[in-house]
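Each remark here refers to the structure printed beneath this line.
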Amino acid sequence: MAATVKYDEVEVGQEIPAVDYQVRRVNLVKYAGASGDFNPIHWNERFAKSVGLPDVIAHGMYTMAQGGRFVTDWAGDPAAVIDYGVRFSSMVVVPDDDNGATITISGLIEEKLEDKRIVVVVNARSGDSRVLSKARAVVQLS
């Protein structure tokens, strides 16, 4: 499947509109099962607070995956992302209520490369905190 976004249709400086991703405790439990990361800071409020955290926090790799999901959904093809890296800059605190937390992710076309590849800067925030920094994806467009 080829990316549905066309190289000739994007410009450097073009913004990719923000998308909100809800994170609830059930998402963290499912992710723990899939990843094998059962650290109690990701599901046990009492434990998380006992080690100085404000509450249960999302797995860093779960947060990173939401950024990847954002780019692949925008590109229209998961195989279009040929490189992706981030640094973790803050926690996504997930309260035990019906809303959980929200990760808001947006993007910016930073550079057009050879061979119809582009660099997308990914901006991920939860509340007032930037949760990923230096987040960039190289995307192969058609």
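Scan A18, A3, A34 and give me the residue that is assigned to a loop (DSSP other than H, G, I, E, B) and not basic (K, R). Can you show your working first?
Numbers: A18 fails: assigned to a loop (DSSP other than H, G, I, E, B); A34 fails: assigned to a loop (DSSP other than H, G, I, E, B).
Only one candidate passes the filter, namely A3.
Mind checking which pairs have a first residue in region 57-80 that is acidic (D, E) and a second that is modelled with pLDDT of 95 or more, Cβ under 8 Å, 6 or more apart or different chains?
Note: pairs meeting the criteria are D73/V19.
On the basis of being at pLDDT 95 or above, over 19 Å from V122 (Cβ atoms) and touching a Lys or Arg at 6+ places or on another chain (Cβ under 9 Å), does D83 make the cut?
no
Run down D73, D83 and say which single residue is of a type in the set (D, E, K, R), assigned to a strand (DSSP E or B) and under 21 Å from E110 (Cα atoms).
D83
Report the residue count in region 83-120 for those that are under 16 Å from the mean Cα position of the chain (by Cα), without any contact (Cβ under 8 Å) to a residue 60 or more places away in the chain and closer than 27 Å to D8 by Cα.
Within region 83-120, residues that are under 16 Å from the mean Cα position of the chain (by Cα), without any contact (Cβ under 8 Å) to a residue 60 or more places away in the chain and closer than 27 Å to D8 by Cα number 5.
Quick check: is even one residue across region 108-119 at pLDDT 95 or above, touching a helix residue (DSSP H, G or I) at 6+ places or on another chain (Cβ under 6 Å) and not in a loop (DSSP other than H, G, I, E, B)?
Checked region 108-119: no residue is at pLDDT 95 or above, touching a helix residue (DSSP H, G or I) at 6+ places or on another chain (Cβ under 6 Å) and not in a loop (DSSP other than H, G, I, E, B).
Across region 118-142, what is the total count of residues that are among the basic types (K, R) and within 17 Å of Y21 (Cβ to Cβ)? Quick ask: steps written out before the conclusion?
First, pick out the residues of region 118-142 that are among the basic types (K, R): 125, 130, 134, 136.
Restricting the remaining residues to those that are within 17 Å of Y21 (Cβ to Cβ) gives 125, 130.
Counting residues in region 118-142 that are among the basic types (K, R) and within 17 Å of Y21 (Cβ to Cβ) gives 2.
Could you pull out the residue among K49, K30, K6 that is within 17 Å of A75 (Cβ to Cβ), modelled with pLDDT of 95 or more, charged (D, E, K, R) and surrounded by 11 or more Cβ atoms within 10 Å (Cβ to Cβ)?
Result: K6 is the single residue among K49, K30, K6 that is within 17 Å of A75 (Cβ to Cβ), modelled with pLDDT of 95 or more, charged (D, E, K, R) and surrounded by 11 or more Cβ atoms within 10 Å (Cβ to Cβ).
All but one of (1) surrounded by 17 or more Cβ atoms within 10 Å (Cβ to Cβ); (2) touching a helix residue (DSSP H, G or I) at 6+ places or on another chain (Cβ under 7 Å) hold for S35; which doesn't?
Checking S35 against (1) surrounded by 17 or more Cβ atoms within 10 Å (Cβ to Cβ); (2) touching a helix residue (DSSP H, G or I) at 6+ places or on another chain (Cβ under 7 Å), the one that fails is (1).
Quick check: is even one residue across region 52-62 outside any helix (DSSP H, G or I), exposed (fewer than 12 other Cβ atoms within 10 Å of the Cβ) and not charged (D, E, K, R)?
Yes, that holds for at least one residue.
Quick one: is V121 surrounded by 13 or more Cβ atoms within 10 Å (Cβ to Cβ), in contact with a Gly (Cβ under 7 Å, 6 or more places away or on another chain) and not small (G, A, S)? Even if it seems obvious, please write down each step before you answer.
Numbers: surrounded by 13 or more Cβ atoms within 10 Å (Cβ to Cβ): yes; in contact with a Gly (Cβ under 7 Å, 6 or more places away or on another chain): yes; not small (G, A, S): yes.
Yes: the conditions hold for V121.
Here are some residues: L113, L132. Which one is surrounded by fewer than 20 Cβ atoms within 10 Å (Cβ to Cβ) and not hydroxyl-bearing (S, T, Y)?
L113
The values are calculated or read from the model by the stated rules, or taken from the named source; none is laboratory data. Given the structure is predicted, the values throughout are model-derived calculations rather than measurements. Counting neighbours? That spans all protein chains shown, and the Cβs are built from the backbone with ideal geometry, glycine included.
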